[in-house]
Amino acid sequence: MFEELLEGWDGEEVAVRLDRDLSTWMFVCVHSTRLGPACGGTRLKAYAEPGEALRDGLRLSGAMTAKSAVAGLPLGGGKAVLAVPNIPQGDRRRELFHRYGDLVRSLGGTYVTACDMNTTERDMDVVAERCPYVFGRSVACGGSGSSAPATATGVFHGIRASVAHAFGSPGLEGRTVLVQGVGAVGRSLAEQLAKAGARLKLTDTDQARANERAEALGAEVVVPEEAVGTACDVFSPNATGGILSQETIPELRCRIVAGAANNQLARPEDVALFGPLGILYAPDYVINAGGIIHLASLELLAEDQAKRDERLLGIADTLTEVFEAADAEGISAGAAAERIVERRLAAAA
Ligand code: NAI
C-alpha cells in the first residue's frame, strides 16, 4: 500500500519511523519546500492501518503547499501524522511528543510542525523541548498560542467577500449563515457573525455544545443530519473534511459555501458541481489560511498583531481575486485558486 500511495504522490519526501515501544507509526510528509520550509500540523489519530495514516498525511501536505502559496507566505507545505493505537495521555503522551520531536529535529528544519487534529499547544511545548522547528507553542512558553481565533477571523473576512461577490454588498445584517461545527474555530466565527448582525443557525454533533452556543448568541439549532439541506444564504463548514460530495452538493440550499474545514470536497473534481447550481464556493485552503498566517506572521516573520490582522484581512482580497478570475475565464473558483498557486510556485522555481 505504501508503494502505491507514494507512486501516486507529487511531493518531495516522506520520513517514516515506527516506534515499537509506543506502537506508533510516525509519518512526516514534506510536499514542497519551494517557497520555504514545509509547514503543517501534526495529526494524532488511531487508524485501522498505517497506510490510512500515510494517505491522510500525503493528501493534507499538498493542501498546505497550496494554502501557504496562495496566502503569500514564505513557507512550503507539509503534514505529519502520528498513527497511535489509542490517544495517549499523561507520561505516555509526553514521551511520544519527545520522540516525535527527535524525528522532526533529525530533518534539520526541512519541516516545521504545529497543531492539528488532537494535538494542542501544550503538545507543541513538549516537542519544542527536543527541537526548534515548532510553531504554535503556548504563549507562556514563547509561542503564539492557538491559531483557531485567527482562522475564524480569516473565515469571517472571507464570508464578507463572498457575500459581496454574490449579493453586491458585504453587509451581513439579516443574512442567514449556517455554521456547521462550533468547536474552536466555529465558536469564534459564530460570535463574529452574530456581532455583524447575521442570523445564525448552528449545528454540532455535540448537541449540548450547539445548544449552549445557540442560547448565548440567540441562534437557531439545526440537527446535524439536516444541516446540508437547511435553507441559508451561507453554509459554513467548520467541522470535518469530505462533507461536500456528489451526493451532498445537490442537496445544498444556499447561495455560498465558505468555511474553515480542511479538504471539504470528497473528490477535488466535485468543485465543478457548484457553478451549475448557482452556488459560490470559497476554496477551503484560501479562506482557512488564517491559522497559518497567524503562526507565520507572529513566529516566523516576527510581525506585530496589527500586521497579522492586515494579513488576515488580505484573505478577503485574495478570494475576490479568485472569484473575479473565475468569472472572467469561465472556470470554477477552485481552478482559479489553483492557477494562483501554480503561478507563485513557478515564480519561485
Ligand atoms: P474542533 O475539534 O475544535 O471543532 C470541531 C467541531 O465540529 C466540534 O465541536 C465537533 O463536535 C464538531 N463536529 C464534528 N463532526 C461534525 C459533524 N459531522 N457535524 C457537525 N459538527 C461536527 O476543531 P477546530 O479547530 O474548530 O477546526 C474545525 C475545522 O477547521 C477542522 O476541519 C480543521 O481541520 C479546520 N481548520 C482549523 C484550523 C485551526 O486553526 N484550528 C486552521 C485551518 C483549518
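Laid out as a table, the results:
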item: Net charge over other residues, Cβ less than 13 angstrom from the Cβ of Glu225 (K, R count +1; D, E count -1); result: -3
item: Amide H within-cut-off set for Glu13, under 5 Å, with H built and near neighbours excluded; result: Val30
item: Efficiency of FRET from Cβ geometry, Asp91 and Arg343, R₀ 51 Å, rounded to 0.05; result: 0.60
item: Degrees between helix 90-106 axis and first principal axis of the chain (Cα, 0 to 90, nearest 10); result: 80 degrees
item: For Thr230, distant residues with modelled amide H under 5 Å away; result: Arg253
item: Positive-pole candidate from Pro237, Gly197, Gly218, dipole of the stretch 190-269, charges at beta carbon; result: Gly197
item: Coarse-grained scattering of the stretch 148-348 at q = 0.12, 0.14, 0.16, 0.17 Å⁻¹, given as base-10 log I(q)/I(0) from a Debye sum over alpha-carbon atoms; result: -0.56, -0.77, -1.01, -1.14
item: Max mean-square fluctuation residue, GNM over the chain, Cα-Cα springs under 10 Å, options Arg187, Arg199, Arg267; result: Arg267
item: Kirkwood Rh in Å, taken over the chain so that all alpha-carbon pairs contribute; result: 20.4 Å
item: Helical contribution to [θ] at 222 nm, DSSP H n ≥ 4, -39,500 (n - 2.57), averaged over the chain, rounded to 500; result: -13500 deg cm²/dmol
item: Around Gly142: net Lys/Arg minus Asp/Glu count, Cβ-Cβ under 13 Å; result: -3
item: Proximal lysines relative to Lys45, as straight alpha-carbon distance under 27 Å, when same-chain residues fewer than 8 apart are discounted; result: Lys67, Lys79
item: Degrees, to the nearest 10: 184-195 long Cα axis against longest axis of the chain; result: 30 degrees
item: Net charge, Glu310 excluded, C-beta distance under 14 Å - Lys, Arg +1, Asp, Glu -1; result: -1
item: Distance in nm between pseudo-label sites at Glu212 and Glu49 (7 Å out along the Cβ direction from Cα); result: 4.0 nm
item: With Cα atoms, 0 to 90° folded angle of helix 50-70 axis to the chain main axis; result: 60 degrees
item: Computed over the stretch 148-348: relative contact order in percent, which uses C-alpha pairs under 8 Å that are six or more apart; result: 22 percent
item: Mean separation of Cα contacts under 8 Å (6+ apart) over length of the chain, as relative contact order %; result: 15 percent
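A short reminder: the numbers here are calculations on the coordinates, not readings from a lab. Given the structure is predicted, the values throughout are model-derived calculations rather than measurements. Note that each Cβ is placed from the backbone with ideal geometry, even for glycine, and that neighbours are counted across all protein chains shown.
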